[in-house]
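Read the structure below first, then the notes.
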Amino acid sequence: MNLDNIHNIYFIGIGGIGMSALARYFHASGKKVAGYDKTKSDITDALEDIGIAVHFEDSIAEVADAFLNYDTTLVVYTPAVPKDHRQLAYFKSDNNFTVLKRSEVLGLITKNTFCLAVAGTHGKTTTTSILGHLLQECDVEQTAFLGGISENYNSNLILNGSKVSVVEADEFDRSFLTLSPDLACITSMDADHLDIYGDASELVKSFEDFSKKIKPGGKLFVRNGLPLEGITYGIEDDSDYSVQNIKIENGAYVFDVKMPNATLEDVQFNLPGRHNLSNALIALAMAVEFGCPCQQLVEALASYKGVKRRFTYQIKTEDLVYVDDYAHHPEEINAVHQAVREMYPGKKVLAIFQPHLFSRTKDFADEFAKSLSQFDEVLLLDIYPARELPILGVDSNWLLQKIENRNKQLIAKKDIVAKIKESDAQVVLTMGAGDIGVEVKQIRESLLNAN
């Protein structure tokens with residue numbers, strides 16, 4: 001379809017991070033944009049602030065007349081919306097309407113651009129955000145669609161032209177197979193989304209299929225050790241692009257980058273954790289291969305501030321550090337643990353974790369328990385169900401019993417602040433992909449007022 005012929009875009013699930021980036025893009029392009037979401041949020045508030053109409057009742061009566069004209073309207077939905085959603089069912093029942101998934105629309109937008117895509121079960125959002133920032137600082141005519149709110153731009157969209165696109169290539173329900181990138185990377189292929197794939201081998205196969213979607217003459221970058229052919233990158237190894245001589249100075253990494261034909265010395269990056277160092281390296285490598293000047297890239301990397309809810313400091317004082325992170329997979333929890341131990345050696349760490357999805361908790365219960373057992377204290381919240389119904393026998397108490405740490409409790413969200421105040425931990429972490437993020441502001445304010 002030709003998006004130039006579409007004047008109205010209606011989003012079902014407009015408050016999602018990826019959906020809202022698309023909504024912003026179309027709004028900036030002069031289209032009439034509106035949408036539905038289940039609950040009001042900071043994201044929907046921000047959309048309304050720029051003139052996008054958002055409502056929260058699943059009713060066709062809420063849809064403005066302009067969006068009921070199938071000749072000029074595109075309907076975009078997220079797979080997170082239930083199949084019995086009234087508005088979605090209405091638009092799908094009328095075959096005259098064009099109804100597409102978010103990933104399909106992203107594929108249409110990027111089709112005629114030079115596309116840089118970031119794939120992997122972990123690290124997509126941070127890597128995409130770094131890459132978008134590097135290209136922006138080099139004044140590339142790009143549009144970057146981010147899966148999180150960039151601290152540098154306070155947005156999930158970087159809009160500086162349409163020749164180049166930067167996107168997250170999402171493996172959930174094989175969405176990334178709608179893309180045809182020129183440059184692509186794969187950061188990781190750990191088992192996840194087994195409620196969709198059924199088996200880890202099917203997930204790996206989907207990444208192999210994605211690698212074949214790269215345009216002729218394009219390039220694939222892979223983290224060293226993954227079973228795919230491409231330009232390799234890694235930490236202190238023999239990869240094509242490798243971080244070497246790592247130091248920590250004033251809470252930041254300073255290191256060298258060994259490239260195929262040169263070495264960049266004394267590169268600075270301000271986010272903690274080896275996983276973030278790896279994300280920075282692959283973003284840098286893709287920008288180098290794209291053709292950006294190396295010295296500009298080094299300066300740009302030093303000015304990168306991060307993504308909200310990705311090891312985001314809420315409090316950072318001598319007496320107390322409070323960090324919030326989106327981690328919702330055992331490997332992501334391990335990465336947070338590595339970062340916090342490296343930055344705060346010898347300090348007592350309290351981890352508050354909200355499991356996300358019954359199926360993920362069931363599939364990785366032992367791995368979650370092992371990851372969480374590394375912290376000095378653990379507070380566990382009930383499982384956030386998202387799109388799922390409960391699974392018999394799978395709950396947070398079941399997971400709690402598997403954690404090999406005597407300092408562990410199952411608590412309610414309303415008790416988080418009180419439990420933190422009871423602890424003598426010097427470092428506090430909140431982790432999870434559910435609604436724990438909604439609690440962060442109140443936790444921060446309560447802890448600041450207590451000191």
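Applied to segment 221-228, the Karplus parametrisation 6.51 cos²θ - 1.76 cosθ + 1.60 on θ = phi - 60° returns per-residue 3J(HN,Hα) values of 10, 9, 5, 3, x, 6, x, 9 Hz, with x for Gly and Pro. Here the accessible area of segment 354-451 is 46 percent carbon and sulfur, with a 1.4 angstrom probe and all protein chains present. In sequence order, segment 291-299 has phi-based couplings of x, 6, x, 4, 5, 5, 5, 4, 5 Hz under the Karplus curve 6.51 cos²θ - 1.76 cosθ + 1.60, θ = phi - 60°, and Gly or Pro positions carry x.
Looking at segment 304-431, the DSSP beta bridges with both ends there are about 20 percent antiparallel. The packing ranking, built from the mean of other Cβ atoms within 10 Å per residue, places the peptides 28-35, 224-231 in the order 28-35, 224-231, highest first. Here residue 342 and residue 401 are evaluated by their C-beta separation; at R0 = 41 Å the FRET efficiency comes out at 0.85.
Once you have a ≥ b ≥ c as the square roots of the Cα gyration tensor eigenvalues for segment 98-254, tell me rounded if a/c is under 1.5, and otherwise prolate or oblate according to whether a/b is larger than b/c. Cα axes put segment 98-254 in the oblate bin.
Highest mean packing comes first when the peptides 367-373, 419-425 are listed by Cβ atoms within 10 Å, giving 367-373, 419-425.
Separation of segment 1-51 and segment 127-179 by C-alpha centroid, Å? Measuring centre to centre over Cα atoms gives 17 Å. Here the chain carries DSSP beta bridges of which approximately 25% are antiparallel, counting only pairs with both residues inside.
For segment 59-73, backbone phi angles converted through the Karplus equation (6.51, -1.76, 1.60; θ = phi - 60°) give residue-by-residue couplings of 8, 5, 4, 7, 7, 4, 4, 4, 8, 9, 9, 5, 5, 10, 10 Hz, Gly and Pro being listed as x.
Between the C-alpha center of segment 292-323 and that of segment 240-286 there is a gap of 14 Å.
Heavy-atom accessible area per residue, segment 270-311, 1.4 Å probe: how many Å²? Ligands and nucleic acids excluded, the result is 32 Å² per residue.
Normalised by the residues of segment 356-451, what does the relative contact order come to in percent, with Cα pairs under 8 Å and at least six apart?
Reported relative contact order: 30 percent.
Taking every protein chain into account, the accessible area of segment 54-201 amounts to 38 square angstrom per residue (probe 1.4 Å). Where both bridge residues fall in segment 194-324, DSSP classifies roughly 70% of the beta bridges as antiparallel. Shown for the chain: cysteine residues without a partner Cβ closer than 4.7 Å, namely 115, 185, 294.
Note that segment 294-451 shows a convex hull volume over its alpha carbon atoms of 134 Å³ per residue.
The fraction of accessible area contributed by carbon and sulfur in segment 126-165 is 38 percent, rounded to a whole number (1.4 Å probe; ligands and nucleic acids excluded). Across the chain, the volume of the C-alpha convex hull divided among the residues equals 148 Å³ per residue.
Histogrammed with a bin width of 10 Å, the alpha carbon distances of segment 1-128 distribute as 12, 45, 34, 9, 0 percent, first bin at zero.
The values are calculated or read from the model by the stated rules, or taken from the named source; none is laboratory data. Given the structure is predicted, the values throughout are model-derived calculations rather than measurements. Positions of Cβ are backbone-derived with ideal geometry, glycine not excepted, and every protein chain shown enters the neighbour counts. Remember, those area values only see protein heavy atoms, side chains included, never the ligands or the DNA or RNA. Shrake-Rupley method; radii C 1.70, N 1.55, O 1.52, S 1.80 Å.
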